[in-house]
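A short write-up of the structure that comes next.
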Amino acid sequence: MSHSFSCTVERRIPTVEEYQTLRNSTGWDELADAAVEKGLSNSIFCACAIHQGAIIGMGRLVGDNAVYFYVQDVIVLPEFQGRGVGKAIMQEIERYLEKNAPRNAFIGLMAAAGIKKFYRQFGYVERGEDRPGMYKIQNATKGPRSNLYNQS
């Protein structure tokens, strides 16, 4: 007997606990709850995939909500990957952008290894070598943000 899979996508900010559960499922570095709470509250938009009453994935937009938008934290629990959950989340994010991002707004993201093809279906392309991206991760033992990441 075959069981069909379904989930709904809600436009809402995940709870700190939901975010931490999703993040932990990816093996990403641990963040203090206070940092997560502040970060989530500063999101422009969030979409949460729900299956049988529990969160199984999410994605969010950060930026200035005018000129720059960045797709962040598109996460799907490993046991639900490959079932269209990420696509449903991205479709909701794209709907938001279509309605709210002005013409010529920059919409960026950083794809994990092996995931670029997934984002191409939504029109994302790699930047040329003449416009390479850069990033840094604040060292948790130095700098003004260290208290956000090392709280007990």
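No value in this document is a laboratory result; all are computed from the given coordinates. Since this is a predicted model, take the numbers as computed values, not measurements. No Cβ is skipped: glycine too gets one built from the backbone with ideal geometry, and neighbour counts run over all protein chains shown.
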How would you rank 11-18, 126-133, 68-75, 95-102, highest first, on the average number of other Cβ atoms within 10 Å across their residues?
68-75, 11-18, 95-102, 126-133
Using θ = phi - 60° and Karplus 6.51 cos²θ - 1.76 cosθ + 1.60, couplings along the stretch 51-66 (whole Hz; Gly, Pro as x)
10, 6, x, 10, 6, 10, x, 7, x, 8, 10, 10, x, 9, 6, 8
Read phi for every residue in the stretch 35-48 and hand back ³J(HN,Hα) as whole Hz from Karplus 6.51 cos²θ - 1.76 cosθ + 1.60, θ = phi - 60°, with x for Gly and Pro.
5, 4, 4, 5, x, 4, 5, 8, 5, 6, 7, 9, 10, 10
Residue by residue, what Karplus-based ³J(HN,Hα) values in Hz, rounded to whole numbers, does the stretch 76-91 have, using 6.51, -1.76 and 1.60 with θ = phi - 60° and x for Gly and Pro?
10, 3, x, 6, 10, 5, x, 10, x, 5, x, 5, 5, 5, 5, 4
